[in-house]
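The values are calculated or read from the model by the stated rules, or taken from the named source; none is laboratory data. Treat the numbers as computed from the prediction; the structure is a model and nothing was measured. Ideal geometry is used to build each Cβ from the backbone, glycine not excepted, and the neighbour counts take in all protein chains shown. All accessible areas refer to the heavy atoms of the entire protein, side chains included, with ligands and DNA or RNA removed. Shrake-Rupley method; radii C 1.70, N 1.55, O 1.52, S 1.80 Å.
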Amino acid sequence: MLSGIGPKQHLETFGIPVIQALDVGHNLHDHCSYTELNFLLNQTATMVPDRTTAELFQEYITNHTGPFSIPARFESIAFVKTPHSDLPAEYPDLEILLVSTYLNGENTNVGLQLLGLPQIMTDSIFVNFPGHDKFSLFPIIMRPKSRGRISLKSSNPFVPPLMEPNYLSNPHDVTTLIDGMKMVIQIAESQSFTQYGSHLDPTPLAACSHLPFRTDPYWRCAVQQMGKNIHHQAGTCKMGPTCDPTAVVNPELQVHGVSNLRVVDASVIPLPVAGHTNGVVFMIGEKAADMIKRHWARTESC
C-alpha cells in the first residue's frame with residue numbers, strides 16, 4: 001500500500017499516488033481458539049519443571065524420546081467436525097490440541113528464569129494451579145467466516161499499520177467454538193481421562209460468574225472475554241482470477257495489473273486453511289520458486 005498498490009480511496013487519503021487499485025489489506029483471516037479449559041488431575045501425569053532430570057534430557061539427546069520430545073507442549077492433535085458445521089463431509093471445521101506441559105511446581109520461578117520469561121508469566125495459563133497436575137484441550141476454529149482488515153495509519157513506513165482482525169464477528173464462528181468447547185469437555189470427562197481424576201476446573205471467569213456455569217450463555221461470555229487467536233494471519237493479498245474484484249494476485253502469484261511483481265507469503269491464501277499455515281507457506285515458496293525458474297527458462301537470454 002505504501003508503494004501505491006491498494007484501495008484507491010484509502011491510498012489517496014494519505015496522499016499516496018495510486019499505481020494499481022486493488023483490495024490489498026482486505027480478507028484478513030485467522031484461526032481462533034479458547035485456551036482456558038483446564039482439567040485438574042489427581043495423579044502425577046504431566047510434565048512440570050520439578051520432575052525434569054538430567055536422565056530425561058539425556059534420553060532425548062540419545063533417543064529423541066521422553067518428555068522433552070513433546071513438540072511445543074502439544075502431545076496430541078485431532079481434526080473433527082462440529083454439529084453445526086456447514087462444510088462438506090470430508091472437511092473438518094475444528095482442531096483440538098492437547099497440552100500437558102506447564103510450569104507448575106515449587107521451582108516455577110526458576111523455570112521462568114531459565115526460559116528467559118518475565119515474572120508476569122506467573123499469572124498466565126502456563127503456570128496456573130501450582131501443586132496440581134493439569135492438562136488443557138484447545139478447540140480451534142479451522143474455517144472461520146469472520147474477516148478483518150489491515151490498513152495504513154500513515155504514509156510514514158515506520159508507523160505500524162492498523163490491524164482490525166474482527167475475530168468472532170460472524171456468529172457462526174462463536175457457535176463453532178462453543179460446540180468445540182463442549183466436545184473438548186466430553187473428551188476430558190470420558191473414561192480414558194477420568195481414570196486419572198480428570199475434572200474441569202470449576203472456577204468461573206470473573207466477568208461471566210453471573211451466568212450459570214457450563215451453559216451456552218456462560219460459554220458465549222467466556223469466548224468473548226478470553227477467546228484467542230493462533231497467529232495464523234493470512235489472506236490480505238488474496239489469490240484469484242482477474243474477474244474477481246477482491247483478488248490481488250493471480251494463480252502465478254503475480255500482482256494484477258503490475259509487471260514483474262509477485263507476492264509469495266501467507267497473504268495470498270484466499271480462504272482459511274484447515275490446519276496450520278507453516279507447511280502451506282513452505283509449499284507456496286517452493287511453487288513460486290518453480291514458477292520463476294520456469295519463467296526464465298522460457299525467456300530468451302540477452
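Checking Pro202 against (1) of a type outside the set (Ser, Thr, Tyr); (2) touching a strand residue (DSSP E or B) at 6+ places or on another chain (Cβ under 8 Å); (3) open to solvent by 50 Å² or more (accessible area, probe 1.4 Å): exactly one of these is not met. Which one?
All conditions pass for Pro202, except number (2).
When residues of the range 207-247 are filtered for being aliphatic (A, V, I, L, M) and either open to solvent by less than 20 Å² (accessible area, probe 1.4 Å) or in a loop (DSSP other than H, G, I, E, B) (or both), how many remain?
Residues in the range 207-247 being aliphatic (A, V, I, L, M) and either open to solvent by less than 20 Å² (accessible area, probe 1.4 Å) or in a loop (DSSP other than H, G, I, E, B) (or both): 6 in total.
What about Ser190, is it open to solvent by less than 60 Å² (accessible area, probe 1.4 Å) and in contact with a Phe, Trp or Tyr (Cβ under 6 Å, 6 or more places away or on another chain)?
Judged against the criteria, Ser190 is not a match.
Out of all the residues in the range 175-183, is one or more assigned to a helix (DSSP H, G or I), open to solvent by 20 Å² or more (accessible area, probe 1.4 Å) and modelled with pLDDT under 95?
no
Taking Ser169 as the residue in question, decide whether it is at pLDDT 95 or above, of a type in the set (Gly, Ala, Ser) and surrounded by 14 or more Cβ atoms within 10 Å (Cβ to Cβ).
Values: at pLDDT 95 or above: yes; of a type in the set (Gly, Ala, Ser): yes; surrounded by 14 or more Cβ atoms within 10 Å (Cβ to Cβ): yes.
Yes.
Checking the conditions here, which among Glu90, Glu75, Glu59, Glu36 is modelled with pLDDT of 75 or more, in contact with a helix residue (DSSP H, G or I) (Cβ under 9 Å, 6 or more places away or on another chain) and outside any helix (DSSP H, G or I)?
Glu36
Restricting the search to the range 136-177, which residues are touching a residue at least 40 places away in the same chain (Cβ under 8 Å), out of contact with any His (no Cβ under 9 Å at 6 or more places or on another chain) and of a type in the set (Gly, Ala, Ser)?
Listed by number, the residues that qualify are Ser136, Ser154, Ser155.
Any chance you could count how many residues in the range 257-291 are in contact with a strand residue (DSSP E or B) (Cβ under 7 Å, 6 or more places away or on another chain), outside any helix (DSSP H, G or I) and farther than 18 Å from Cys32 by Cβ?
6
Do we find a residue being at pLDDT 95 or above, open to solvent by less than 20 Å² (accessible area, probe 1.4 Å) and β-branched (Val, Ile, Thr) anywhere in the range 8-23?
Yes, some residue in the range 8-23 is at pLDDT 95 or above, open to solvent by less than 20 Å² (accessible area, probe 1.4 Å) and β-branched (Val, Ile, Thr).
Please find, among Ile125, Ile120, the residue that is of a type outside the set (Lys, Arg), farther than 30 Å from Gly25 by Cβ, at pLDDT below 55 and touching a strand residue (DSSP E or B) at 6+ places or on another chain (Cβ under 8 Å).
Ile125
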